[in-house]
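> This is the structure I want to talk about, given as structure tokens.
The values are calculated or read from the model by the stated rules, or taken from the named source; none is laboratory data. This one's a predicted model, so the numbers in the text were calculated from it and none came from an experiment. FYI the Cβ positions are ideal-geometry reconstructions off the backbone, even for glycines, and counts take in every protein chain you see. For accessibility, only protein heavy atoms count, side chains too; no ligands or nucleic acids. Shrake-Rupley method; radii C 1.70, N 1.55, O 1.52, S 1.80 Å.
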Amino acid sequence: MENLSNIDCCFLTTENSKKSYQGLSNTYSAIEPPTWSLLLAESARASGFKVKILDANAEKLNEEDIFSRITKIRPKILCLVVYGQNVNAGTANMSGAIHVAKFLKKKQIDIPICIIGSHVQALPVETLKKENSIDFIFTNEGVYALRNILKLNDFSTNNLSKINGIAYRDKNDVKLTKPEKVVSTENMDQDLPGYAWDLLPFKEKPFDLYRAPMWHAEYDFEKRTPYASIQTSLGCMFGCNFCMINLINRNDNEEIGVASNYSNMRFWSTDFVIKEIDKLLAMGVKTIRIVDEMFLLNPKYYIPLCEKLAERNKDDDLRIWSYSRIDTVKRPEILKLVRKAGIKWLALGIESAEKFVRLEVDKGKFEDVDVKKVIEKVHDADIHVMANYIYGLPGDTKETIEKTFNLSLELCTAGWNTYPAMALPGSQLYKESLDKGIELPDSYEGYSFHSYETLPLPTETLSPKEIITLRDDAFTKYHTNENFLNLIKKKFGTSAVQNIEEMTKTKLKRKIKGDQI
């Protein structure tokens, strides 16, 4: 029988896909392993603490199930880890976390509840003022602050005030302590020393409760599981206005955090990453996501890693995907190595067909890039592309969006996704929207572009309703386009086409369009 005595911390991931993904959640949305729960649990465990992971998302536990589990575990603290399968989804996932926290408090559970995640990193003061069910939060990635919290014998305000890197409630006031440092590149292998894979739930074999995105699995349900994700680096060197991923690096006490102020990138060693991937391979996992926003950026790190992956991909049975900047994948010799490593998909942020729109938010990111030629080179290397576009960036019009969609048809990539521009908490767009008095979502789900309550940013010429309508129409048009379906049939077979056609029958409903649910 499992020994649950003296658990210092239980890391909880809650389910939110039904509200965020609507009808897509049942079959089509991915179920991602909780990367940060895994990292934090192993870090705390390496420091001598006893930890547990409760993944309510993977196990599909309701609030009563969670309450029952927590009362059996009886941890010293309950830590809600609230990020998202897409890094930008952290705010949308707050909905499920807060729902559970309120339920547990209503049940009069006497365990402190805290949150680590992107939304509270962006809005620590606002979150604690709004959410009485949360006792304290972490203002950055929380590695060192969590260790210091777990050393406490009690969680009085006097003790919490001595912990750097948190915000806590002192009667009716919210207090921010001094910022805590983040783990440096020099200390990554030591202070974030792995993933607590053994703490994940499974049904029959490891990772069978997790599933890859449909496109990553070549639109084949059988290839979606087992599935895992892993990071080789943290953060990003750039400061795009629409992005908030660098909040994990936060090192100030501003009431509203802006990610572009904390641009920083840190790396694990090649040996560390390969050690973790070898663990996954030993457990039968061949479908793997590299979570980094900028995997193919620094050759010092990605080239030796790809070389070692290639040694493990002799039978070409690895199915890995990673993100990359579109201007770092121009060299054929690099693409050849990437493909040998088993990286069969690259997710590339193309954003817009109009250069002036891209430069408005990306700060020179595409200055010398011919998008068509880059995509052609990637395809020539036998690597599939998941192309990402954004509708409704500053400067976008109906005409520029139509031009972007036509570009996507011309590129004809095997994966396609378009986001409406959102003022995500922690992004520069969020801060600017507040300053300009632009209407923002009034719920956490409103920040998910799949959700019923979604509310994209307007542009000078387009309303949120027009932008989301253009996005939804483009999704259907692309995935029913004859050239795209012929490509899918050629690469992945007739069943993949049938699965895509079935997927397009699920229509997302939108409050701003007047849809009823």
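> Keeping to the range 149-207, report how many residues are within 30 Å of Val285 (Cα to Cα) and either among the charged types (D, E, K, R) or part of a helix (DSSP H, G or I) (or both).
Number of matching residues: 13.
> Continuing with the same structure: Would you mind stating whether Lys507 is in contact with an Asp or Glu (Cβ under 9 Å, 6 or more places away or on another chain) and either assigned to a helix (DSSP H, G or I) or modelled with pLDDT of 95 or more (or both)?
no
> Sticking with this structure for a sec: Which numbered condition trips up Ala196, out of (1) surrounded by fewer than 18 Cβ atoms within 10 Å (Cβ to Cβ); (2) farther than 16 Å from Lys76 by Cβ; (3) at pLDDT 95 or above?
If we test Ala196 against (1) surrounded by fewer than 18 Cβ atoms within 10 Å (Cβ to Cβ); (2) farther than 16 Å from Lys76 by Cβ; (3) at pLDDT 95 or above, just (1) comes out false.
> What is the number of the single condition among (1) at pLDDT below 95; (2) surrounded by 20 or more Cβ atoms within 10 Å (Cβ to Cβ); (3) in a loop (DSSP other than H, G, I, E, B) that Asp110 does not meet?
(2)
> I've got another one for you. Of all residues in the range 313-336, which are assigned to a loop (DSSP other than H, G, I, E, B) and surrounded by 16 or more Cβ atoms within 10 Å (Cβ to Cβ)?
Passing the criteria: Asn313, Leu318, Arg325, Val329.
> Here is a follow-up. Could you figure out which of (1) without any contact (Cβ under 8 Å) to a residue 24 or more places away in the chain; (2) not in a loop (DSSP other than H, G, I, E, B) isn't true of Tyr144?
All conditions pass for Tyr144, except number (1).
> Another question, if that's okay. Please go through the range 446-459 and give me each residue that is open to solvent by 20 Å² or more (accessible area, probe 1.4 Å) and either farther than 16 Å from Ala122 by Cα or at pLDDT 95 or above (or both), ordered by number.
Result: Phe449, His450, Tyr452, Glu453, Leu455, Pro458, Thr459.
> Please count how many residues of the range 406-440 are open to solvent by 30 Å² or more (accessible area, probe 1.4 Å) and in a helix (DSSP H, G or I).
9
> Being hydroxyl-bearing (Ser, Thr, Tyr) and touching a Lys or Arg at 6+ places or on another chain (Cβ under 6 Å) narrows it down to one of Tyr419, Tyr391, Tyr478, so name that one.
So the residue among Tyr419, Tyr391, Tyr478 that is hydroxyl-bearing (Ser, Thr, Tyr) and touching a Lys or Arg at 6+ places or on another chain (Cβ under 6 Å) is Tyr391.
> I'd like to check something: does the range 1-16 contain any residue that is part of a helix (DSSP H, G or I) and either closer than 30 Å to Ile517 by Cα or at pLDDT 95 or above (or both)?
Taking every residue of the range 1-16 in turn, none turns out to be part of a helix (DSSP H, G or I) and either closer than 30 Å to Ile517 by Cα or at pLDDT 95 or above (or both).
> While we're on this one: So Gly284 fits all but one of (1) touching a residue at least 40 places away in the same chain (Cβ under 8 Å); (2) touching a helix residue (DSSP H, G or I) at 6+ places or on another chain (Cβ under 9 Å); (3) over 30 Å from Leu485 (Cα atoms); (4) surrounded by fewer than 19 Cβ atoms within 10 Å (Cβ to Cβ); what number is the exception?
Tallying (1) touching a residue at least 40 places away in the same chain (Cβ under 8 Å); (2) touching a helix residue (DSSP H, G or I) at 6+ places or on another chain (Cβ under 9 Å); (3) over 30 Å from Leu485 (Cα atoms); (4) surrounded by fewer than 19 Cβ atoms within 10 Å (Cβ to Cβ), Gly284 fails exactly one: (2).
> Right, another one. Given the conditions (1) within 18 Å of Val258 (Cα to Cα); (2) not in a helix (DSSP H, G or I), and given that Thr459 satisfies all but one, which numbered condition is not satisfied?
(1)
> Okay, moving on. Yes or no: Asn246 modelled with pLDDT under 95, more than 21 Å from Ile343 (Cα to Cα) and surrounded by fewer than 22 Cβ atoms within 10 Å (Cβ to Cβ)?
It is false that Asn246 is modelled with pLDDT under 95, more than 21 Å from Ile343 (Cα to Cα) and surrounded by fewer than 22 Cβ atoms within 10 Å (Cβ to Cβ).
> Then there's this: Which of the following residues is among the charged types (D, E, K, R), surrounded by fewer than 22 Cβ atoms within 10 Å (Cβ to Cβ) and more than 23 Å from Lys175 (Cα to Cα): Glu64, Glu131?
Matching residue, one of Glu64, Glu131: Glu64.
> Related question: Just need a number here: residues in the range 71-97 that are aliphatic (A, V, I, L, M), in contact with a Lys or Arg (Cβ under 9 Å, 6 or more places away or on another chain) and buried (at least 19 other Cβ atoms within 10 Å of the Cβ).
Within the range 71-97, residues that are aliphatic (A, V, I, L, M), in contact with a Lys or Arg (Cβ under 9 Å, 6 or more places away or on another chain) and buried (at least 19 other Cβ atoms within 10 Å of the Cβ) number 1.
> I need every pair where a residue in the range 192-210 that is over 22 Å from Gly142 (Cβ atoms) has its Cβ under 6 Å from the Cβ of a residue that is open to solvent by 40 Å² or more (accessible area, probe 1.4 Å) and in a helix (DSSP H, G or I), sequence separation at least 6 or different chains.
Note: pairs meeting the criteria are Pro201/Glu59.
> Okay, moving on. Does Asn251 meet the test of being among the polar types (S, T, N, Q) and part of a helix (DSSP H, G or I)?
Against the criterion (among the polar types (S, T, N, Q) and part of a helix (DSSP H, G or I)), Asn251 does not qualify.
> Which residue, of Ser260, Ser269, is in contact (Cβ under 8 Å) with a residue 40 or more places away in the chain, surrounded by 15 or more Cβ atoms within 10 Å (Cβ to Cβ) and under 14 Å from Tyr430 (Cα atoms)?
Ser260
> Moving to a separate point now. Please verify whether the range 68-91 includes one or more residues that are free of Cβ contacts under 8 Å to residues at least 60 places away in the same chain and among the charged types (D, E, K, R).
yes
> For Ile115, indicate whether it is buried (at least 21 other Cβ atoms within 10 Å of the Cβ) and over 23 Å from the mean Cα position of the chain (by Cα).
No, not satisfied.
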